[in-house]
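**Q** The following block contains the structure, expressed as structure tokens.
The values are calculated or read from the model by the stated rules, or taken from the named source; none is laboratory data. Model, not experiment: these values are computed from the prediction. Backbone-built Cβ (ideal geometry, glycine too); neighbour counts: all protein chains shown. When the accessible area is computed, the model is the full protein with side chains, heavy atoms only, and any ligands, DNA or RNA have been set aside. Shrake-Rupley method; radii C 1.70, N 1.55, O 1.52, S 1.80 Å.
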Amino acid sequence: KAGVTQTPRYLIKTRGQQVTLSCSPISGHRSVSWYQQTPGQGLQFLFEYFSETQRNKGNFPGRFSGRQFSNSRSEMNVSTLELGDSALYLCASSPGGRDGTEAFFGQGTRLTVV
Amino acid sequence: GQNIDQPTEMTATEGAIVQINCTYQTSGFNGLFWYQQHAGEAPTFLSYNVLDGLEEKGRFSSFLSRSKGYSYLLLKELQMKDSASYLCAVRDNYGQNFVFGPGTRLSVLP
């Protein structure tokens, strides 16, 4: 069974630009969550999508958005990039039941904003 | 508010036992998870507690006390490959939104 796939693995963008990151969950998993990981703040929850609907949302500004497609693949978009958006962005996949167990993480996309 | 605390760093010797503590205060509780993350890699699942008590899984065990907002991860027979960050996370409602602690960087010395 293939794991969680995130593309691209590395990205360099300029301040003010926008970026789209992609996450393909484990086959059969319907929940995809996104996290930002930085040395200073650790892992912080961005949002979760389940069956194409945003089910939970963290405390990030509206520049951070996402969506989920009918095949459960998810994309995350960050507009008007700031230097502080430089981070490792991780997505996590799970079956999505209300009492689900662990989430499986992808390798992440390392975004550098210059 | 949401708050999870863990020690920042710990050091132990190969073959020894180490206990990593985690305390939490979250608005809700629907399970406590421990993840391991090696440098430059994705977090990988280690254990899950939703009821009070000890869960054992090979060399790793995790304990939960919901009334105290406390958990620990116990690693036995430490190996060099156990050098990693250990993340405590609470799922605070139904769904897959985890509140993560800052992580404990464990160094295993020969």
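**Q** For B:G31, list long-range residues whose amide hydrogen, built 1.01 Å from N in the peptide plane, is under 5 Å from its own amide hydrogen.
**A** Amide H neighbours of B:G31, under 5 Å, 5+ apart: B:R91.
**Q** Let me ask you something else. Of B:G40, B:S27, B:L106, which is farthest on the positive side of the dipole of chain B, counting Cα position, with +1 on Lys and Arg Cβ, -1 on Asp and Glu Cβ, and the Cα centre as origin?
**A** It is B:S27, whose Cα lies furthest towards the positive end.
**Q** Still on this structure, I have one more. Of the peptides A:28-38, B:50-60, how do they stack up when ordered by the mean number of other Cβ atoms within 10 Å, highest first? Don't skip to the answer; put the middle values down first.
**A** On the way: A:28-38: 21.5, B:50-60: 11.8.
The peptides rank, most packed first, as A:28-38, B:50-60.
**Q** Give the Kirkwood hydrodynamic radius (Å, one decimal) of chain B, defined as one over the mean of 1/r across all pairs of different Cα atoms. Spell out each step's value before the answer.
**A** Values: mean 1/r = 0.0719 Å⁻¹.
After inverting the mean inverse Cα-Cα distance, the result is 13.9 Å.
**Q** Which three extents, in whole angstrom, do the alpha-carbon atoms of the range A:24-111 cover along their principal axes, largest first?
**A** 36, 22, 20
**Q** Relative contact order (percent) for chain B, with alpha-carbon contacts under 8 angstrom and 6 or more residues of separation?
**A** Values: 288 pairs, mean separation 40.4, N = 110.
That works out to 37 percent.
**Q** Partner chain Cβ atoms within 10 Å, averaged over the residues of B:40-50 - can you pull that number for me?
**A** Details: counts 4, 3, 13, 10, 3, 6, 1, 1, 2, 0, 2.
Across B:40-50, the average partner-chain Cβ count within 10 Å equals 4.
**Q** Using the Karplus curve 6.51 cos²θ - 1.76 cosθ + 1.60 with θ = phi - 60°, what ³J(HN,Hα) values do you get for each residue of the range B:76-82, in whole Hz, with x for Gly and Pro?
**A** My calculation for the range B:76-82 gives 9, 6, 3, 10, 4, 5, 7 Hz in order.
**Q** Suppose R0 equals 45 Å. What FRET efficiency, 1/(1 + (r/R0)^6) with r the Cβ-Cβ distance, do A:T80 and A:T101 give to the nearest 0.05?
**A** Numbers: r = 37 Å, r/R0 = 0.82.
Step by step, r from the Cβ atoms, then E = 0.75.
**Q** Just to be sure I understand: if you take the accessible area of chain B alone plus chain A alone and subtract the pair, with a 1.4 Å probe, what total do you get in Å², rounded to 100? Please list the in-between numbers first.
**A** On the way: alone 5980 and 6300 Å², together 10590 Å².
Adding both sides of the contact gives about 1700 Å².
**Q** Using a Förster distance of 45 Å, how high is the FRET efficiency between B:Q79 and A:Q18, based on the Cβ-Cβ distance and rounded to 0.05? List each step's numbers first, then the result.
**A** On the way: r = 44 Å, r/R0 = 0.98.
E(calc), rounded to 0.05, equals 0.55.
**Q** Within 10 Å of each Cβ of A:105-112, how many other protein chain Cβ atoms are there on average?
**A** Working: counts 7, 1, 3, 4, 0, 1, 0, 0.
Per residue, the number of nearby Cβ atoms from other chains is 2 on average.
**Q** Under 5 Å between amide H atoms, partner at least 5 residues away or on a different chain: which partners does A:S31 have, H built in plane at 1.01 Å?
**A** A:S94, A:G96
**Q** Quick check: pseudo-label points 7 Å beyond the Cα along Cα→Cβ at B:T8 and B:Y70, how many nm apart are they?
**A** 2.4 nm
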